[in-house]
Amino acid sequence: MLYKKAVLVLAAVIVLAGGIVTGRELFILNSGKDQQISSDNISKEAAPVSASAKPPSTIPIKGLADLVKEYGDLPLADAHNHDAGGYAYMRMIETWKRTSVDRIILFGNVSDPSAVETDAIAWKAYEEYPALVIPFFSGINLKDASSLEVVKLNLEKGYFGIGEIAAASVNSPALRNVPWKTDHAMDGFLPQIYELAAQYKVPLLLHIDPPSGGPVYQLEEALEAYPDTQFIFAHANAYNSPDNIRQLLAKHPNLYADFFAGFTASNPESANKLEHFVPVMKEFPDRFMLSTDSGYGLKSEELAIEGMYRLIDELGDKALARKIAYDNLDALIKYQPATATQLEAIRNMKLAAGQTYDASGLTKVEAAKLLLKKVPK
């Protein structure tokens, strides 16, 4: 009897357990599951979702073509370009058209005897493409008095600015050993050149490195001593902080910042991002201009053009973007007065044609348009 009772109890337990299991599986089936849940499955379902987990971004990254399509209606000027060297501008013409770059401050080599030749190439490019090219010159020996005569002759001819010139360079592999550079911004014949620049109302594009310490203190000395001279700090954002630029612009109203956007956007050595400079640009909207530096240190010059567009996109304000992309530089160029040499050439040209001409009040841009008409193509 005891044996039978034990068997019956055991059978009841088995049936009861089977019912529990069967009931659990039925619950699972009714819940839409088509298989038993293992302990692994239970632990996976119970694991909480990380609060930091975010779905992947679905916003596509804009390419250069997208940026040109979006902002190509804005005029765009490259305030710092070395493509007179080796006639590189000739292979860039189509790229500039495709990427809607409207004006180019063009020169070649810097503070080196070879710059005399590239200055001449920049002028030739201007004669070929006067609506595109704005010629600057750099082929002057900053420690020789003869540089002053070269500056006068070039400005009288119609060049629109001086530079890039190596006013101070310690770190740059390209410029620290060039023979015609100065040690600092008040060295050599730079003070007299600043006076000539003010007289002709042309800007100077100065290379200063490092962009801190002694070289910048001496730049500030020049800015204060020559308040009527317009200084452009070349690639001011390279290896420099927004706060340093802000302090300089706040103290010196005759200083402009050439912003090499491609450096900040694409050079891994940049400690900043484009958005870090936007607040200071909004604070000084009339004092920035964009440039490519011909893509120095980047994979290509086109990547540097893309950097300019990425900065425009980052600004998020088309009115501000137009100032920085074009208007600020244009204002330094279009109001320059015609030179005595240009005016004399125009009078002689008109006299030869049996005409009289009142050339008073002409700007350098207007005078150049008249004179370039007679340049043989």
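State whether one or more residues within segment 137-154 are crowded, with 17+ Cβ neighbours inside 10 Å and within 21 Å of the chain's Cα centre (by Cα). Yes, there is a match, as at least one residue in segment 137-154 is crowded, with 17+ Cβ neighbours inside 10 Å and within 21 Å of the chain's Cα centre (by Cα). Quick check: is even one residue across segment 168-175 in contact (Cβ under 8 Å) with a residue 24 or more places away in the chain, surrounded by 21 or more Cβ atoms within 10 Å (Cβ to Cβ) and closer than 24 Å to TYR335 by Cβ? No, there is no match, as no residue in segment 168-175 is in contact (Cβ under 8 Å) with a residue 24 or more places away in the chain, surrounded by 21 or more Cβ atoms within 10 Å (Cβ to Cβ) and closer than 24 Å to TYR335 by Cβ. Taken over segment 99-155, the criterion of being free of Cβ contacts under 8 Å to residues at least 40 places away in the same chain and aliphatic (A, V, I, L, M) is satisfied by ILE104, LEU106, VAL116, ALA120, ILE121, ALA122, ALA131, LEU132, VAL150, LEU153. LYS282 falls short of the stated requirement of being surrounded by fewer than 18 Cβ atoms within 10 Å (Cβ to Cβ) and outside any helix (DSSP H, G or I). Is it fair to say GLY163 is out of contact with any strand residue (DSSP E or B) (no Cβ under 8 Å at 6 or more places or on another chain) and on the phi > 0 side of the Ramachandran plot? Against the criterion (out of contact with any strand residue (DSSP E or B) (no Cβ under 8 Å at 6 or more places or on another chain) and on the phi > 0 side of the Ramachandran plot), GLY163 does not qualify.
Please verify whether segment 314-329 includes one or more residues that are charged (D, E, K, R) and over 17 Å from ASP102 (Cα atoms). So far as segment 314-329 goes, yes, one or more of its residues are charged (D, E, K, R) and over 17 Å from ASP102 (Cα atoms).
Read-outs: derived from the displayed coordinates by stated rules, not from any lab. Fair warning: this is a prediction, and the values are worked out from it, not measured in the lab. When we count neighbours, we look across all protein chains shown, and the Cβ atoms used for this are built from the backbone with ideal geometry, even at glycine.
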